[in-house]
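Structure record follows, encoded as structure tokens.
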Amino acid sequence: MSAVWVPAAMPAWLVADLRSDHAGETGAVWIYRGVLALSRDRALRAFAQRHLATEQRHLGLIDTCLPATAHSRLLPLWRVAGWLTGALPALLGPRAVYATVAAVETFVDRHYQAQIDRLAGEAAQAPLRELLDSCRRDEVAHRDEAARHAGPPGPLLRAWCTLVGAGSAAAVKVCRHV
């Protein structure tokens, strides 16, 4: 996306949404850093490096939309949580990482779509809606690629992915306020 949306005055709900997006993209960057720290699988590392570049781009875009004073005060926690979300499955192998990424991106798709839908009636927010939709489409592509590599998860991996999805939802609730 070439045009960057720069806010004038934002309603509190939009600041909270963008804070959650910024924290989420921060966590995503650290997920891939966690994978890269522990995985030696060549194909998985290439996957993580490609997706890390995309997540860093998303973080930069969201960063231009949200004043630094509105960032989550818990960014160090989101970095650690992201790193662990990438590193722990990397210890178990590529399938676990791919399933984790698919779970995270499934949540992110719904999260971004809800924001896009909320902005749909606001013509002044069309550039932001376009930016978020561009990020959402990238995340959907990440989800679909990861799901193709993961295959069907067994019971333990399904439980882990449920935990990851619930953790993502809880993190959004918290960072909308902090």
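Using r as the Cβ-Cβ distance of Ala46 and Thr69, and R0 as 35 Å, what FRET efficiency do you calculate, to the nearest 0.05?
FRET efficiency, Ala46 to Thr69: 0.40.
How far apart, in nm, are the 7 Å Cα→Cβ label points at Gln113 and Arg158?
In this crude label model, Gln113 to Arg158 measures out at 2.2 nm.
Can you tell me how the stretch 12-175 classifies by the Cα gyration tensor, rounded, prolate or oblate, using a/c under 1.5 as the rounded cut?
It comes out prolate by the Cα gyration axes.
Sort 50-59, 149-158 for me by packing, meaning the mean count of neighbouring Cβ atoms within 10 Å per residue, highest on top.
Ranked from most to least packed, the peptides come out as 50-59, 149-158.
No value in this document is a laboratory result; all are computed from the given coordinates. Quick caveat, the model's predicted, so the values are computed rather than measured. Ideal geometry is used to build each Cβ from the backbone, glycine not excepted, and the neighbour counts take in all protein chains shown.
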